[in-house]
Amino acid sequence: MDGFKSGKFRVLVATDIAARGIDVTGISLVVNFDLPDNPEDYVHRIGRTGRAGLLGRAVSFATPDQRGDIRMIERIIRKILPIVALPVLPPRRAAAPHTTSFEYADRPFRRGGYRGGGGQAKPRGSFRRQR
């Protein structure tokens with residue numbers, strides 16, 4: 001918190017509980033990555049911006065099924081919140097599995113286990129059985 005207040009850190013991530021106790025001047029932007037469960041918590045979250053006569057902005061991400069939650073927040077703050085639809089992003093394709101390694105790309109393929117050798121038993125370590 002001291003690093004944020006001193007300007008060393010420019011971003012602070014906080015829970016609803018922590019947001020209630022934050023007293024920092026000069027916060028110009030609050031981003032809500034989800035709407036609070038309780039509409040009154042929204043007031044506490046955005047109340048971090050625009051203190052002491054300064055301007056501030058709050059941005060909240062919500063889904064269409066949260067429209068009722070937005071209406072409850074609007075009733076509490078007595079303002080209509082502007083809603084902007086974000087573009088729908090195409091689904092991401094899964095990355096292709098890594099099939100080769102540059103380290104081994106020039107070596108010929110050999111059968112056998114991960115140790116190679118074609119399944120032949122090899123003595124391990126420096127200990128050898130004497131007959």
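The values are calculated or read from the model by the stated rules, or taken from the named source; none is laboratory data. Quantities reported herein were computed from a predicted structural model and do not represent experimental measurements. All Cβ positions, even for glycine, are placed from backbone atoms using ideal geometry, and neighbour counts span all protein chains on display.
Yes or no, residue by residue, for (1) surrounded by fewer than 10 Cβ atoms within 10 Å (Cβ to Cβ); (2) at pLDDT 85 or above; (3) assigned to a loop (DSSP other than H, G, I, E, B); (4) not small (Gly, Ala, Ser):
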| site | (1), (2), (3), (4) |
| --- | --- |
| Pro87 | yes, yes, yes, yes |
| Pro91 | yes, yes, yes, yes |
| Ala95 | yes, no, yes, no |
| Ser101 | yes, no, yes, no |
| Arg110 | yes, no, yes, yes |
| Gly113 | yes, no, yes, no |
Take the residues in segment 46-65 that are surrounded by 15 or more Cβ atoms within 10 Å (Cβ to Cβ) and outside any loop (DSSP other than H, G, I, E, B), then tell me which one is modelled with the lowest pLDDT. Ile46
Give Ile70, Ile80 a once-over and let me know the one that is modelled with pLDDT of 85 or more, more than 30 Å from Ser6 (Cβ to Cβ) and in contact with a Leu (Cβ under 8 Å, 6 or more places away or on another chain). Ile70
Expected single match for exposed (fewer than 12 other Cβ atoms within 10 Å of the Cβ), among the β-branched types (Val, Ile, Thr) and either at pLDDT below 85 or outside any loop (DSSP other than H, G, I, E, B) (or both) among Val24, Val30 is Val24
